[in-house]
Structures are given as C-alpha cells and as structure tokens.
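Have a look at the structure below, then the notes.
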Amino acid sequence: MATWFQDLRYALRQWNKSPGFTAVAILTLAVGMGANIAIFSFVDAMYLKPLAVFEPEHLVRVYAKGPSGHYGAGFSYAEFALLRDHNSSISALSVETTVPQLHLVDAGDSEEIRGEFVSSNYFSLLGIQPSIGRSFSPAEDTVPNRDAVAVISDHLWKAHFSHDPAVLGREIHINGFLFKVIGVAPPGFYGDVTGRPTEIWIPAMMYAAVGYGCDDGSYSCSLFDAMIGRLSRGVTALNAQAEVSSRILWSATDWPERPSRRQAVLMSANGESPDDQDEHEQQLRMLMSVTASLLLIGCANLAGLLLARGVTRAKEIAVRLSIGATRSRVIRQLLTESVLLASLGGVVGLVFSYGAWEILSRFYGTDSEGFHHLYDLSFDWRVLVYSLALALITGALFGLVPAIRVSRQDLATELKQGGAAGQHPRGWLRSGLIVGQLAVSMILMVCSGLLVRSALEIRRGTNFDPEHVVVLRVRPKLTKYAQQQTESLVRRLDQQLSVTPNIESPAFMEGGEGLVWDWRSGRDARVSAVPQSQTQNGGLIVRKQDIGQNFFRTLRVPLLQGREFTEQDRPGSPRAAVVNETLAQCLWPTESALGRTLFVNGQPFQIVGVTANIQPESRFHLPEPHLYLSYWQSNANREGDIRFAIRVAGDTGLALREIRRAVQSLDPNVPISEDMCLLEQLDLEYMPVLLAQNVMCFCGLIAICLGAMGLYSVLAFAIRTRTRELGIRMALGAQKEDVLRLILRQGTELMSLGVVVGTFGAVISTRFLASLLFGVRATDPVIYICVTILFVLVALAACYLPARRATHIDPLQALHIE
C-alpha cells in the first residue's frame, strides 16, 4: 500500500505538470465513458433493476406464450382461478392486465390514463400499503361488475386531485362507469410492470364494465395479460415452472381450434415484459456497440499520446531502470497514472451521463399511440460497479501498451545519447492507432449519414404528406355505444369537422386496424381475381383498411387511376374497393385493374381506384399488397374505435384543441386519445431510427474530432522529434514549400489509409443497419463521397497546422539546440 500511495502521488504530480494534456484526456474519456454509462443505465432499468416492492427476488410472472413466440396470448379468469387454487409452488397469485386506454372524467375535466385490473390480493402480495385509505377487500373481487372501487397512484392524486385528502370516497367516471376512490398508492409505486406506469388499479371483476372482455365468467372470455405470484419458501423458479405447466388446464380462450398451442411460461417479475425486452434488445445492443466504438477511439487517441509522451520520458525511465527498478515496477507506475486518468474521466463521465439520460428518456418516454412510459434511471450499485469496471478496463486498455513499450529500453544507448530524438523508431504503432481511429470514425460517419437520410425520408412521407395533419382516436365502444350509435357519432363528427374553421379535410378509418397512415395497418383479408372456390391456391392474404371518404385527399396519397370513395359508396350501392399499385400488379400484371371485380373473403367488390404505395422503400420489406374498402360497405366489425386524420390550416396545436371541443360537444364522455401531430406520430413510430441517428451523429462527430486531434498530435510530435533533420534540410536549401509538402504527405498517407480501411469497414458494418434504413441503400454512393470529402477537409486542416509550424523552424537554432 505504501508503494501504491507513492505511485499515486507521483501520478498526480505528472498530470499536474501537463494540465492541458490532462484536461484533454479527461474530457475525451468522459465523453466516451459517459455515453456508455448512460446506455448501461437503460439496460439496468429495463432488464436488471428489481421492483420497488417487498422481496422482489421471490416474485415471478406467468405468461401465456402464443404460437408466434409472443407472450400475450393471455389467460381467462377461470384459468387463473384453477391455477391459483391448485398449486403449492406459488404462495400467492394475482391476475393482472394493463389497459392504457382508460378515460377519466372528473369535474368536467378529462384525460386518458393507464390502469391495471388486478385481483384483490394484489397489493398485499407485493407488500404495498396505500399511503391513505385502503386496498381491495376479497369481497370486492368475487362478483362481476358489482364493486366499482379504485385505488389511484400518488402521481394522479397530486396532478389531478391537488393532493386533496378528501379524495377518498370521491366518485369518478372511468369509460363512462362510476367508480369510488378508496385508496392512494404510496409515492414512487407505479405498478409491477417496468416502463408502464399505472395510475389507477381496479378489481379484475370490473374488467368488462369499462368496455373490455366479457362478463360471463367462462373459459372463453375475459382475457388477462399475465399473473404475478410470490414463490413459496424454498421453492425455485424451475420447480414452479414444472408445476405450473402440469397444473394449467388450457381452454379455448385465444386459440379455439388448438388450445394446446399456448404454453405457460414462468419468469422473474423484475424488468420489462419479455415482449418489450425483445423489442428493445436490438436497439440497446446497437447503441452499446456505437458508444463502445467511441470509447475505443478515445482510448486509441490517448494511447498514441502516451506513446509520444513515452519518447520524451525515455531517459527518465532509463534512469529508473538503471538504478534498480524492475520492468514490472515501472509498468505498474505507468498503469497507475493511466487508471487514475481513467477514474477522473469516469467521474466526469457520470456527470455527463445525467444529461444523456434526459435526452434518451425523450425517445423512450412516449410511444406512437401517445402512451407514456417511465423508467427508474436512479443511480444504483450496478451502475457504480459498471462505472468502476469501465474505468479500470479503459485505463488498462490505453495505458498498457505504452507502458510496456516505454519500459523496454536499451539502457546504455539511452543514457549515453540522452534520448536523442532522431534515434527513435518512426512510430509505426502510433501511426497504426491513428489509422484505426480514422477508420472507425469513417464507419460512424457513414452510418450517421445513412441514418440522417433515412430519417428525412421517413419524415417526408412515402407518397403521402404528413405536414399540417393531426391525428386522434375516438373510442365510443368503451362507453357502451351500440353499433347504430357509433355510426351516428362518426357521421355527425365527420360533418362537424368538415365545417370547422381552419380544417381543410377530415378522414377516418376503423380504429382497431392500426395507425391511419401506416402501411402495416389493417386486418388480414383473402383476395383473388376470381371466386375463391375456383382458385387453386386460395388467393392472396393482404392487409385491408376500412376507410371513409376523402381519405386519400386528406393524406395526399396519389391516385394513379380512378377515384377515391365518395358519399355514393354507401350500404346498398355496388361494393367499391381501392387497391394499391402492388396489389394491382400482383393480380393483373399486364392489364389495368380499374373496373375489375375483386373477391374479398368471397364477396365481390369493384375496383374504382388504384393508389401509389405508401410503404417506404426498405431492403428488408418489399412493397406489400394493400386493400382499401369503404367503411360503410365493408361490413366492418364496428368496434366503435375510430381513428381520424385531419388536414388543418395554421397551427396544429390550436387545431387539436378545436377538434377536441368538437368531439366533446357531441358527447363529453367519449374517450379521446392519440391526439397529436402526424409528424410527431411518425417520429414516435420510427423512434429506433431517430434514436440511432442522434446517437450515431453524436458519436460520429466526436470521433472525427478525436481522429483529427490524433492526426495533429502525431504530426506535431513527428516535427518535434525531427527538428534536427528539418533544420539540416532547410540549411541545405530546402524551401518552406518543400517542408510543407513533406509533412502534408505524411499526414495524407495516414488519412488515405484510414479512409480506405474505413470505407471497407463501413460497407460491412452498414449491413447491420439495414432494418433502420428507409428510402436509402446501405451502399449509397452520395453518402460515401460526402463523408470522404469531409474527412479529407478535416484531415488537411489537422495536417496543415503542424506542417505550417514546421516551415518556421530556424535551421541555426535547431542545430544549436540539438
């Protein structure tokens, strides 16, 4: 410990002697380490951090895994009751399902909140006690639709009820049903599903009362997302999984033709749901790869600088070795300096990571349907351990090779010649590090350029115009609207919006079929050019949207042939259909589709229009066939869920407020959600592209700056060690232009090699970005040319400054000093 403290004091003195170098090194490390710590904090929040409940390590969640691999096949209440009453591995079990579309109306104010339907033992199972009031009693979870009680979150209590203790016993409307508040959850408790904050808890038996599921209690209705349970003492998750699999008795809840296609899967309750984890896994892996590349560039930069410093400290090291110090002792001293530098960089990086959390949280804070997400990014021991390990590995990474290199000395030559600069090797290792930095920087910049192009293409819209369009979702079914009431509301709302000032054109579609503009929207339908009974292959399976009139005019989707739907396309008139260009080419490759008869699920429709494809160009997804039917003719399910797209003139925020008032004037209890600008929804839907673009651009710009700084430092050090040589050249008649070309040639050789290696690396690396590229190819020559030009300009600027300094060397002074 005494020698370690001695090394530490000496390291502090060394860095104090070079404050400029120390500041640059700490800042370089802080940026790279801060980015890595910020990304790991999201990994910790989404995958590792336990729930803020009693003994979270004993909690498990039971999912129903469907045949496609997703974990949302669901359970009926009867299946839950069977497993709850006939197992010994789980001491307590609660059913739960999260519903983000709960419409809260209180005192004339309304908002959409996320709720959860749970069993009466939910709070006791988690060890949660309400801060005021009480939780559910067993009797309140036995009879369907009888006990309309609710526990609200502390956040909702403060935001909506102004922290009023008199909230207990207050009645509020949830989807048109009257509920009484009986308790308030403690501060900081947002439910047991990471990332999905719950604001209200309702007994599971009230699930059908607010417009979901059914209420006959049979095996074939009332689907719930999952079950949460607490393992019995001494029981492992593996044993519990075996018992659950043997005890569960599947019904025809989700797969009536083959109930056995579902399987019960038991896993830890900590972290996000497995479906959310799968969705975020690829994003986080990519982000960690990018930030790790940035940190590697920083380490390579510092390693090159330390190699240069090692040449100037060669005599000092030689003296240490000559008076008895071992190579291991010298390496330990130099590594102490490197690790200390990395530790200081890690401390500053932690500060930087807080700002990065705020930026990244904006991307993960809301999804394309307007639902809010919340992650606990508080500092914990896992982030601390990761930061410490990162500092140690980083310090060893950039400090070990320079330490080994400088400790390998020819003592007699070094002491005798005094470390003459001209006797040192040319520094191939430093040059190699610079080439590596430039190559990785080139890869990051090419990826950044491709992602910027992809994001621009997304925001521009493919054959539709998202500018000055707002969207919203109206859900009358949640307030028990009948089909006739829903149709009447849609007609009246469409007419009222058509005459509202600043609204150019409204359009709507069946809401349960997805987002209005998205090419993936719709339901599956079987189509063919001839009656399906006469076909051999059963026709094509395509996506079908049920839309109203003015749909294509509102979104400005080009009509290649024919017309869009009008008021004449109503029940009783000939059925009309509009197909996209791909579907028309699939069924009639050499002829026009206009006027043809298309059989949809066995029913004949006449094609009245052909539209352009709205699917963005992507190597992973070829243009898919798409079908549009009139909402009034298609025999849609009439689920009472309608999505509107409305083109407005002027400010979209003001227009949204006017539209909400128009809906509420017809029925103040109708739930409204997803009200936002279409451009905002585009950004949220393609969040992975925009997130990758922002992170990649940040890392790319930092990387190119570090590469330029590394190139500058190598040339500056080369000039310093070649002062005698340059002085002799100029004394023998070399002109300033000759010296300038000499130094520039050395820099451009390194730059050219880095660009060539980086180009090959980018061609390989961009293949991993293919799923995020829309409207741009991974080998887009424009991006490669632009990035190459940028690199040439930056490299020339980095080379010119030391080269210009070399031209001012005084030959007499250089030879005299030497």
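The values are calculated or read from the model by the stated rules, or taken from the named source; none is laboratory data. It should be emphasised that the depicted structure is a prediction, and the values quoted were computed from it without experimental measurement. Note that we place each Cβ from the backbone using ideal geometry, even for glycine, and neighbour counts take in every protein chain shown. Surface accessibility is based on the protein's heavy atoms, side chains included, excluding ligands, DNA and RNA. Shrake-Rupley method; radii C 1.70, N 1.55, O 1.52, S 1.80 Å.
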Backbone N within region 708-744 under 16 Å of label point (7 Å from residue 812 Cα along the Cβ vector): 727-728, 730-733
Charge dipole magnitude, Cβ of K and R +1, D and E -1 - the chain, Cα centre, debye nearest 20: 3780
Stretchable slack from residue 54 to residue 85, in nm (0.36 nm times residue separation minus alpha-carbon distance): 8.9 nm
Given charges at Cβ of Lys, Arg, Asp, Glu: the chain dipole, positive-most of 5, 39, 764: 5
Theoretical ellipticity at 222 nm over the chain - DSSP helices of four or more residues, -39500 (n - 2.57) apiece, nearest 500: -16000 deg cm²/dmol
In degrees, nearest ten, helix 652-666 long axis to first principal axis of the chain (Cα): 20
Inter-label distance, nm, simple model (7 Å from Cα along the C-beta direction), residue 134/residue 245: 4.2
Sites residue 660 and residue 499, calculated FRET efficiency, Cβ-Cβ separation with R0 22 Å, nearest 0.05: 0.85
Length-normalised contact order for the chain - Cα pairs under 8 Å, 6+ apart - percent: 16
Area accessible to solvent at residue 807, 1.4 Å probe radius, in Å²: 10
Per residue accessible area of region 255-343, 1.4 Å probe, in Å²: 41
Calculated SAXS-style log₁₀ I(q)/I(0) at q = 0.09, 0.22 Å⁻¹ - region 462-585, Debye, Cα scatterers: -0.31, -1.58
Cα gyration tensor shape for region 548-703, rounded if a/c is under 1.5, else prolate or oblate: oblate
Residue 768 versus residue 378: modelled label distance in nm, points set 7 Å from Cα along the beta carbon direction: 3.4
Net dipole in debye of region 272-407 [+1 Lys, Arg Cβ; -1 Asp, Glu Cβ; about Cα centre; nearest 20]: 1780
Gain upon complete extension [residue 760, residue 288; 0.36 nm per residue less C-alpha separation]: 167.7 nm
Cα-derived Rg to Rh of region 21-70, Kirkwood definition: 1.30
HN-Hα J in Hz across region 399-409 - Karplus 6.51, -1.76, 1.60, θ = phi - 60°, x for Gly and Pro: x, 5, 4, x, 5, 5, 5, 6, 7, 8, 10
Tilt relative to the chain, helix 736-765 - C-alpha long axis, 0 to 90 degrees, to 10: 30
Inter-part distance where region 77-137 and region 672-708 are each reduced to a Cα centre, Å: 36
Anisotropy class of region 263-340 from Cα gyration tensor, a/c 1.5 cut: prolate
Crossing angle, helix 781-806 versus the chain [Cα axis fit, 0-90 degrees, rounded to tens]: 30
Out-of-range pairs (alpha-carbon distance over 30 Å; input 49/480; 480/544; 49/477; 180/480): 49/480; 49/477
Length released on extending from residue 10 to residue 392, taking residue separation times 0.36 nm less the Cα-Cα span: 135.6 nm
Environment charge at residue 557 (Cβ cut-off 9 Å; Lys +1, Arg +1, Asp -1, Glu -1): 0
Antiparallel DSSP beta bridges within the chain, percent to nearest 5: 80
Using a Förster distance of 35 Å, the FRET efficiency for residue 563-residue 279 (Cβ separation, nearest 0.05): 0.30
Separation of the residue 411 and residue 797 label points, Cα + 7 Å toward Cβ, nm: 4.8
Note, ³J(HN,Hα) from phi for region 688-701, Karplus 6.51, -1.76, 1.60, rounded to Hz, x at Gly and Pro: x, 5, 5, 5, 4, 4, 5, 5, 5, 5, 4, 5, x, 5
Shape of region 745-808, Cα gyration tensor, a/c cut at 1.5: prolate
Mean projected area (nm²) of the alpha-carbon convex hull when region 449-492 is viewed from all directions: 5.2
